[in-house]
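Here is the structure we will look at, set down as structure tokens.
The values are calculated or read from the model by the stated rules, or taken from the named source; none is laboratory data. Fair warning: this is a prediction, and the values are worked out from it, not measured in the lab. As a convention, Cβ positions derive from the backbone with ideal geometry for all residues, glycine included, and neighbour counts pool all protein chains shown. In case anyone asks, the SASA skips ligands and DNA or RNA and just uses the protein heavy atoms, side chains included. Shrake-Rupley method; radii C 1.70, N 1.55, O 1.52, S 1.80 Å.
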Amino acid sequence: MRVQRSTLGKLLAIVFVLNLIVMGAGAWYSYEHAPPIPQKVVGPDGETVVTKAQVQEGKRVFQSDGLMNHGSILGNGAYFGSDYTANALSLKTKYMKEYYAKEKYDKPVSALSPEQRAVVNATVTTELEASRPSDSVQYSAAELYAHEHVRQLYVERYHDGDLERGVPSGMIASEEDARDFADFAMWTAWISHTQRPGSDHTYTNDWPYEPAAGNTPPTASMTWSVIAMVLLVAAAGIGVWLYTSIDLPEPETKGITVPSPKDVVVFPSQKTAARFVPIAALLFVAQVLLGGLLAHYYIERGGFFGLGALFGINFVKLLPFAIAKTWHIDLAILWIATLWLGAGLFLPPLLTGQERANQSTYVNVLLGALLVVAVGGLTGIWLGANGYIDGALWWLIGNEGLEYLEVGRVWQFGLLAGFGLWAVLVARGFKPLLKSEESFGLAHMILYAGGSIALLFTAGMFYTPKTNIVVTEFWRWWVVHMWVEGAFEFFIVAIVGLTLVSMNLLRKRSAEKAVMFQALFVMGTGVIGVSHHYWWIGQPDVWVPFGSVFSTLELLPLVFILFEAIGEYRTLARSDGSFPYTLPFMFIIASGVWNFVGAGVLGFFINLPLVNYYEHGTYLTVGHAHAAMFGAFGFLALGMATYMLQLTTKPDAWTERRLRWAFWLWNIGLAVMVFVSVLPVGFLQLEAAFSGSYDAARSLAFYNSDTVQLLFWARLPGDSMLILGTLVFAYDVLKKQFVQREVTTPVPEPDDQRVPSRVFTDDDD
């Protein structure tokens, strides 16, 4: 079955518009049905306990002090500390039971008989289930008692400090701020047990699992899990059928002329673009070292291999988990993005055989601007989280405090401007192709993919610290998930297509067809698939069916990418040993395989609604995230880095030995970390949540259990291999900086260059 490129291009445009319509309508609907923040909460005697302003101030504290990268709220954030919503709800039920045990029987809960305990438990559950929204919410005496005790506990834990929990003293600067944060956490607990008007469930669809508060899985979670499993079988079958039915050519190394690296012309802007590689390598080293530290914090929360006590250094205060994790995440995004941006600037001269005037200078300007934004953003995070930036500036130039979007708003605008400049430079470089090809051509695809990354980033500008956290999370996931499951995947297939064309392994028109076909399914499923993040955070339950269906359909493009990786592996296996780009090809293949494993297999499992109800915010998500982020996006970025290094290094000085060692250290290390340590911890957490409560699965008692601690230690070999692989890579990149090729002069005409001559004469349908 043959499909025309023009048909695929039109379908892609239609799907993109439909996505925007659905998600735009969803945004309006979500705003209209966001959980309210009561103007005030009063006690049984009418005295004001909490005001709306205090809850909003608590959200400000939550963001400004980086608490989302220590624990989580509504299941979103870091897994080192408690989930504040689940913990507040659990504490609320605990203290209410204490109150009623004392009032009814004048005994502590532990001294109650089974019959008396049943009466107390039923009283608390009934009272919490009876809660209804109102501008003025009235607490019972038991709720007031619980709220005051949670406030005091949060002051002791987050202001005074709790080394056992990895919380340094002064993490929240003042007692008043700590009480406001408690008010915010208690409000999220309130929406989790308060019934949404016109429904039979709470605002959070009865999440978190807390039987003592009456929170159990909603019926819809089972229904849509079954539907998703049926769709899984259908989607897999359809994916295989489409891939085998549609005429999509595979790469081939025999019977064609693959350009040797020594025959490739190197332009000034390409040498400049290659400078992105050593910078990314340094960022990568810092990121994996911080990752090792974060893993260790789960074992020794109050120190660093005993050195803190030995030398009197407070490592938790010096570099708390929250800041280390923030930098770890942001550095991962930065080094991957740096390599992608570099690749996008490196490829145009390779395919066009020419370069615009001053292009190298402009690439240097972009590199300098991105360095300023990156250093400024990372510095602002530390200054903001440590209270050195006060007033409105904390979220503008400090730390916005939301996972993946931690840097201040000014730095975010800087990154957006950088994307804009990058798009201009790429368009400038591809101008000969853009003029000669259709609007659905390969050069256009790169610009569309990069533009969609920037477009989705603007969703992170639609909220402020005073915005309801449920609405804030709606827009944050627009950026994070639509990047990962939409724009990034689109960029992957476009970059891979361009790279295969530059290697003369695919004709340009054939690559265009393959890219559009895969992009059609990536954009058609991944964008609306963001809704699986909305199930338990206070969004309307309409997202449950949307998230279930489209999250399952996200398997389709991953099947295509897996088949693409298999095809590329076959090409590599069929080569006679003379193929010069084996190593970059290996990275591309690894990216496709890990994408299927991390995003496909692990992603589908945790996105079944019934599983996700118990799993949301556990180590199963950690396994999925690491396998997908580093496995898919990281390996592609490293493959492009290897390709750029090979073309810009003197041919007689080129060696792959160290890079091959790094490749296998990364692959084996990632597999050990995910499958030997992280996933087993996640399955134990799932069991703990199912048999007890969600708060129990995220508790210090769970993490400190002997089995879990042993599994944390089991990460050490995998983490060590990942760190060693990165150090080997960085060393190799540094060594190759001293054996760089000179710019080819005089530059031959495009018709005399192997790659562009084929690109411009490609007449395949």
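Quick notes
For (1) at negative phi; (2) surrounded by 17 or more Cβ atoms within 10 Å (Cβ to Cβ); (3) without any contact (Cβ under 8 Å) to a residue 24 or more places away in the chain, each residue gets a yes or a no:
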{"site": "Val407", "(1), (2), (3)": "yes, yes, no"}
{"site": "Ala417", "(1), (2), (3)": "yes, no, no"}
{"site": "Gly420", "(1), (2), (3)": "yes, no, no"}
{"site": "His444", "(1), (2), (3)": "yes, yes, yes"}
{"site": "Thr467", "(1), (2), (3)": "yes, no, yes"}
{"site": "Val470", "(1), (2), (3)": "yes, yes, no"}
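- Within the stretch 102-133, the set of residues being of a type in the set (S, T, N, Q) and surrounded by 13 or more Cβ atoms within 10 Å (Cβ to Cβ) comprises Gln116, Asn121, Thr123, Thr125, Ser131.
- Odd one out for Thr48, checked against (1) touching a residue at least 12 places away in the same chain (Cβ under 8 Å); (2) open to solvent by 30 Å² or more (accessible area, probe 1.4 Å); (3) of a type in the set (S, T, N, Q): (1)
- Test: residue in the stretch 133-149 that is of a type in the set (Val, Ile, Thr) and either in contact with a Pro (Cβ under 7 Å, 6 or more places away or on another chain) or on the phi > 0 side of the Ramachandran plot (or both): yes
- Trp207 vs. criteria assigned to a loop (DSSP other than H, G, I, E, B), modelled with pLDDT of 95 or more and open to solvent by less than 40 Å² (accessible area, probe 1.4 Å): yes
- Within the stretch 505-522, being within 30 Å of Gly75 (Cβ to Cβ) and open to solvent by 10 Å² or more (accessible area, probe 1.4 Å) holds for one residue alone: Phe521.
- Taken over the stretch 359-399, the residue count meeting the criterion of being on the phi > 0 side of the Ramachandran plot and either modelled with pLDDT of 90 or more or in contact with a Phe, Trp or Tyr (Cβ under 9 Å, 6 or more places away or on another chain) (or both) is 1.
- Residue count for the stretch 591-607, restricted to those that are of a type in the set (A, V, I, L, M, F, W, C) and open to solvent by less than 20 Å² (accessible area, probe 1.4 Å): 2
- Tally of residues being out of contact with any Leu (no Cβ under 6 Å at 6 or more places or on another chain) and closer than 19 Å to Gly623 by Cβ across the stretch 709-730: 14
- Looking only at the stretch 210-229, and only at residues there that are in a helix (DSSP H, G or I) and of a type outside the set (A, V, I, L, M), the one that is nearest to Trp190 (Cα to Cα): Pro211
- Residue in the stretch 610-619 that is at pLDDT 90 or above and polar (S, T, N, Q) present: yes
- Among the residues making up the stretch 516-539, those that are of a type outside the set (Phe, Trp, Tyr) and farther than 18 Å from Ser452 by Cα are Ser531, His532, His533, Ile537, Gly538, Gln539.
- Test result for Thr642, open to solvent by less than 10 Å² (accessible area, probe 1.4 Å), in a helix (DSSP H, G or I) and β-branched (Val, Ile, Thr): yes
- Exclusive hit being β-branched (Val, Ile, Thr), touching a residue at least 24 places away in the same chain (Cβ under 8 Å), in contact with a Gly (Cβ under 8 Å, 6 or more places away or on another chain) and under 27 Å from Gly43 (Cβ atoms), set Thr204, Thr194: Thr204
- Considering residues of the stretch 17-45 that are in a helix (DSSP H, G or I) and open to solvent by 70 Å² or more (accessible area, probe 1.4 Å) only, the residue modelled with the lowest pLDDT: Leu20
- Looking at Trp666, Trp661, just one residue is assigned to a helix (DSSP H, G or I), farther than 30 Å from Gly75 by Cβ and in contact with a Gly (Cβ under 8 Å, 6 or more places away or on another chain), and that residue is Trp661.
- Considering Tyr95, Tyr139, Tyr145, Tyr99, the condition of being more than 30 Å from His481 (Cβ to Cβ), touching a residue at least 60 places away in the same chain (Cβ under 8 Å) and of a type in the set (Ser, Thr, Tyr) is satisfied by Tyr139 alone.
- Yes/no for Val733 being closer than 17 Å to Thr621 by Cα, over 23 Å from the mean Cα position of the chain (by Cα), open to solvent by less than 30 Å² (accessible area, probe 1.4 Å) and not aromatic (Phe, Trp, Tyr): no
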